[in-house]
1. Can you find, within the stretch 171-184, the residue that is surrounded by the most Cβ atoms within 10 Å (Cβ to Cβ) among those that are more than 12 Å from residue 227 (Cα to Cα) and in contact with a Ser or Thr (Cβ under 9 Å, 6 or more places away or on another chain)?
2. Specify which of the listed residues (95, 48, 117) is at pLDDT 95 or above and closer than 25 Å to residue 359 by Cα.
3. Within the stretch 135-159, can you find the residues that are farther than 15 Å from residue 188 by Cα and in contact with an Asp or Glu (Cβ under 8 Å, 6 or more places away or on another chain)?
4. If you check residue 381 against the conditions, is it surrounded by fewer than 16 Cβ atoms within 10 Å (Cβ to Cβ), closer than 19 Å to residue 71 by Cα and of a type in the set (Gly, Ala, Ser)?
5. Using the structure shown, decide if residue 113 is buried (at least 20 other Cβ atoms within 10 Å of the Cβ) and farther than 22 Å from residue 175 by Cβ.
6. So which residues in the stretch 47-95 are in a loop (DSSP other than H, G, I, E, B), more than 15 Å from the chain's Cα centre (by Cα) and within 15 Å of residue 124 (Cβ to Cβ), if there are any at all?
7. Could you run through the stretch 228-246 and say how many residues are surrounded by fewer than 22 Cβ atoms within 10 Å (Cβ to Cβ) and not in a loop (DSSP other than H, G, I, E, B)?
8. Which of the residues belonging to the stretch 225-246 are closer than 16 Å to residue 171 by Cα and either of a type in the set (S, T, N, Q) or in contact with a helix residue (DSSP H, G or I) (Cβ under 9 Å, 6 or more places away or on another chain) (or both)?
Amino acid sequence: MPSRRSVLGGTLGALATATTTVGLAPAASAATAGTPVTCGTNNFGELGDGTRIAHYTAAPVLGLTTVTDLHGGRGHVNALRSDGTVWCWGSNVEGQCGSGTATRRILAPQQVPGLTGVSAVETGHYHSLALKGGVVWVWGHNDVGQLGDGTLVQRRIPVQVPGITDAIALAAGRSMSFVLRPNGTVWGWGLNASGQIGDGTTAQRLVPTQVSGLSNIVAIACGRDHSFALDATGRLFGWGDNLGGQVGNGTKVNVLVPVLITTGIAEVQAGADHSYARKSDGTVLAWGRNARSQLGDGTTTLRTRPVPVQNLTGVVSLGAGRDHGVAVLADGTARSWGYNVSGQLGDGTLLSRNRPVQVSGVTGATKAGGGGSAYSVILRS
């Protein structure tokens, strides 16, 4: 789900997408490169282990090492390696793996042809993005203009987004995409029926359009149909679909332009209809729909304002799936909570959890790569 992550001082968010730590730092360095592990559903091969068999504890992706950044979409995953190449696996029904073929499922990592020198990747529901020298390359589904190339044509191989040559971070939701530019402004394109683009309208955008009123932004992130931007002072702004309170402004009314949500934030991530923010002290806030315990606050109560995730401290990276959350701690272990019908929490059970539990067998974790409909991706050193 996809979004750009960032952490003040580093990256924006794990699932969100610009991989910066204020949400998404540009891609991680080769020094932090590692191996991804996955758990949960595997209908499309999204676990990348060469099979379609689900597993309830985390296991390595087949043959993939030196990964610096990764993001999970609804049923596919994009990973960036330290050599600047992009690798993808999972669902390819809409060409979202960039292979140029009509193969519907890619069960093990496959290199995206023609892309080298990439510094960041991002993953939407059924589309993908890569950043190379300020230029954005896109591929996959394009029914509402989420590729930003001015057309509604599906692309099975990467094409360039016109007019953007200075992007520094990426984010993607279900059917919209965003870039962060060096002047601290944010630009988006794609579906806008609920105000997803944040330009004050509900008009679909086929090419990059500036998000209203944002400046000094250092990280961006997306949920399914809502988005966030984090500025250099730790102020978090949100906009878009808000019928489940997922924007976090205290209402359940769609938000067409960015509004201030809270302060003191170091990273933001978002799921389908819920959101997470990591504070500078390593604790986590959550808000939005909660029928499947995805807020981790011990209840199933919808929250229109941020509330603390219980029993969770020392967090360094966040990820969000459709109805669950993942956190990596400073000690290299990982925690998860929320819906667990497919084993996406990685604790060896199918029991949903309204508070964080430890992801079994994961040590040396460095980044939560988020998750799609019902799986999780974690990067280990």
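1. Ranking the qualifying residues of the stretch 171-184, first place goes to 180.
2. On the way: 95 fails: closer than 25 Å to residue 359 by Cα; 117 fails: closer than 25 Å to residue 359 by Cα.
Every option except 48 fails the conditions.
3. Passing the criteria: 140, 141, 152, 154, 155, 159.
4. Numbers: surrounded by fewer than 16 Cβ atoms within 10 Å (Cβ to Cβ): yes; closer than 19 Å to residue 71 by Cα: yes; of a type in the set (Gly, Ala, Ser): yes.
Answer is yes for this residue.
5. Values: buried (at least 20 other Cβ atoms within 10 Å of the Cβ): no; farther than 22 Å from residue 175 by Cβ: yes.
In short, no.
6. Going through the stretch 47-95, the residues in a loop (DSSP other than H, G, I, E, B) turn out to be 47-54, 61-66, 73-75, 82-85, 92-95.
Adding the requirement that they be more than 15 Å from the chain's Cα centre (by Cα) leaves 47-54, 61-66, 82-85, 92-95.
Within the stretch 47-95, 92, 93, 94, 95 meet the criteria.
7. Qualifying residue count, the stretch 228-246: 1.
8. The answer is 227, and nothing else.
The values are calculated or read from the model by the stated rules, or taken from the named source; none is laboratory data. No experiment lies behind these values; they were computed from the predicted model shown. Cβ sites come from the backbone with ideal geometry, for glycine too, and all protein chains shown count toward neighbours.
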